[in-house]
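The values are calculated or read from the model by the stated rules, or taken from the named source; none is laboratory data. Here the structure is a predicted model, which is why all the values come from computation and not from measurement. Cβ coordinates were reconstructed from backbone atoms using ideal geometry, including for glycine residues, and neighbour counts include every protein chain displayed.
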Amino acid sequence: MGKFLELCLKRQSCRSFSERAIEREKLINCVHAAALAHSACNSQPWNFLVVEDRELCQKIAESAGIMGRNGFAAEAKAFFVVVEEHAVLMPSIRGLLDSQYFAPFDIGASVAYLCLEAADQGLGTCIMGIFDRVKIAEALGLPPEKRIKVIIATGYPKTEEIRAKTRKDIKEIAKFF
């Protein structure tokens, strides 16, 4: 098995973080990796807001606690708040498609790169899509038109145990012609 597949097996959704603070350099490395992700026409329709301030982290964790979910977020030492930005496509494509057509795919790729880099550095992450966007925008001073797509709780895992992944068999998800 190659190093990349080993890293994919190591990355998991962490829902139990230790008290250990995260070094700023590691957070920067995560954003750097995210910025290297492919995007349509190199539009890079993302912005990563890195939240380390304890008070702001608490506000974000509280905003993620809707519907009785994500209580573990209060343990996170940092959050990446991913904001969708306007995508600038090549004129030949822009005339055919909405400029945001590829943005969800591009953002997903960048988030994957970010989380894989975090795992490589020994950090745990949990990608969350259930949260109060309005409260987070207010806490961070974002204008209402900004689209927060996802938040990523980050910290050192309490345990180094890697859970076995349960995935569909390759025969169920792929066909070779």
Between a first residue in the stretch 12-23 that is in contact (Cβ under 8 Å) with a residue 12 or more places away in the chain and a second residue that is in a loop (DSSP other than H, G, I, E, B) and surrounded by fewer than 12 Cβ atoms within 10 Å (Cβ to Cβ), which pairs have beta carbons less than 8 Å apart while being 6 or more apart in sequence or on different chains?
Gln12/Arg163; Gln12/Lys165; Ser16/Thr159
State the number of residues belonging to the stretch 142-168 that are modelled with pLDDT under 95, in a loop (DSSP other than H, G, I, E, B) and either among the charged types (D, E, K, R) or crowded, with 17+ Cβ neighbours inside 10 Å (or both).
7
The stretch 1-26, subset in contact with a Phe, Trp or Tyr (Cβ under 9 Å, 6 or more places away or on another chain) and polar (S, T, N, Q), residue surrounded by the most Cβ atoms within 10 Å (Cβ to Cβ)
Ser18
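Anything in the stretch 146-173 that is more than 18 Å from Leu7 (Cβ to Cβ) and touching a Gly at 6+ places or on another chain (Cβ under 9 Å)? List them, or say none.
Lys149, Val150, Ile151, Ala153, Gly155, Lys158
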Could you look through the stretch 27-64, keep only residues that are of a type in the set (Val, Ile, Thr) and more than 15 Å from Ile148 (Cβ to Cβ), and pick out the one that is surrounded by the most Cβ atoms within 10 Å (Cβ to Cβ)?
Val31
For the stretch 120-141: of the residues being of a type in the set (A, V, I, L, M) and more than 26 Å from Glu25 (Cβ to Cβ), which is nearest to the chain's Cα centre (by Cα)?
Ile130
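Within the stretch 42-51, is even one residue of a type in the set (Ser, Thr, Tyr) and at pLDDT below 95? Reasoning before the result, please.
Quick first cut of the stretch 42-51, residues of a type in the set (Ser, Thr, Tyr) only: 43.
In the following step, the residues that additionally are at pLDDT below 95 were identified as 43.
Yes, some residue in the stretch 42-51 is of a type in the set (Ser, Thr, Tyr) and at pLDDT below 95.
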Within the stretch 120-130, take every residue that is part of a loop (DSSP other than H, G, I, E, B) and at pLDDT 95 or above and give me the one that is surrounded by the fewest Cβ atoms within 10 Å (Cβ to Cβ).
Gly122
Scanning for something aromatic (Phe, Trp, Tyr), within 24 Å of Arg11 (Cβ to Cβ), part of a helix (DSSP H, G or I) and modelled with pLDDT of 85 or more, does the stretch 106-119 turn up at least one residue?
yes
Checking Met67 against (1) exposed (fewer than 13 other Cβ atoms within 10 Å of the Cβ); (2) closer than 23 Å to Lys158 by Cα, which single condition isn't satisfied?
(2)
